[in-house]
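Values in this text are rule-based calculations from the coordinates and carry no lab data. None of these values were measured; they are calculated from a predicted model. Heads up, the Cβs are rebuilt from the backbone with ideal geometry, glycines too, and the neighbour counts pull from every protein chain shown.
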Amino acid sequence: MGIKDRYKVRYLFILGHMRGYTSLLAHILGSHPEISGYSELKLSYNSRQDLESMSRKIGELQPQYSMRRYQLDKIVENEYTISMDILNSPDVCVIFMLRHPESTIKSSLSFMYGDSLTERFVKAVAVYQSRISKLEKYANKLEKSALFVPSESLIQNTTETFLFLETELDLKTKLSEDYSVFPYTGIPGYSDSSTNILAGKIIRSNNSSDVTNLTGSLGRMLLKQYQDLREMLLSKCRFPKLYSWDV
């Protein structure tokens, strides 16, 4: 069943982690005529007043689009939190995103500070582990059904993923692989700062992720943490049914 209940405003949160295609999904959704917001607003949500702050900040960033049906924020850092009262509110929709650890760590290396590849690798692993633990806590305490978009499905199964989101969000027009490049697109602190996000369309690459060398006990630990959260999300959320799980 899609989200059919009509509220004056609905609040849409993408909860994911760094390098998990959250900026891409946020731009695709934020380019839809029923959705305002496309960036990280750098807000925490502990009360209804914080939702009002969300709408105000979106209005500052996109004054011409601020009155759309959905107001969107994406949260990928543990510094910014959202209370379970807010997550479980009837006018709040949650989209979880999760990407495989190998590809995530590889993609994260160039965004980490450190004098050596090893130092950046250690930081990337720590950031991923910490964020996955936080997402697991959110999912575990969720009292209503949320949506789960596997990060890879946005790239590999785009048509099915778009249809799933259009149905669940009760959107009147289709989502598109071509999205708007907004004033803060590509600016660190607001969205993905890589060049791909500036393309205004989905960029698909066939780069291998094995350079991260997630083997041995570390690889097994990260894979288990990923699989545990994935299984929890599959049991508690609605998701694109045609996505094929490789791991």
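For Asp50 paired with Thr159, estimate the spin-label separation in nm (one decimal), with each label point 7 Å from Cα along the Cα-to-Cβ line.
Going by the 7 Å Cα→Cβ label model, 4.1 nm.
Treating the angle as unsigned and between 0 and 90°, give the value, to the nearest 10°, between the Cα long axis of helix 158-168 and the longest Cα principal axis of the chain.
Once rounded, the angle reads 40 degrees.
As an exercise, use a Förster radius of 30 Å and the Cβ-Cβ distance of Ser83 and Arg204 to find the FRET efficiency, rounded to the nearest 0.05.
0.25
Please give, to one decimal in nm, the separation of the simple spin-label points placed at Ile187 and Leu234, each 7 Å out from Cα toward the Cβ.
4.1 nm
What are the ³J(HN,Hα) values, in whole Hz, obtained from phi via the Karplus relation 6.51 cos²θ - 1.76 cosθ + 1.60 with θ = phi - 60°, for each residue of segment 74-82 in sequence order, with x given for Gly and Pro?
10, 10, 10, 10, 5, 4, 10, 10, 9
Taking the Cα atoms only, what angle lies between the long axis of helix 48-61 and the longest principal axis of the chain, rounded to 10 degrees?
It is inclined by approximately 90 degrees.
With Rg/Rh (Cα atoms, Kirkwood Rh) as the read-out, I listed [x] 1.14; [y] 0.94; [z] 1.16; which label goes with the value calculated from this structure?
[y]
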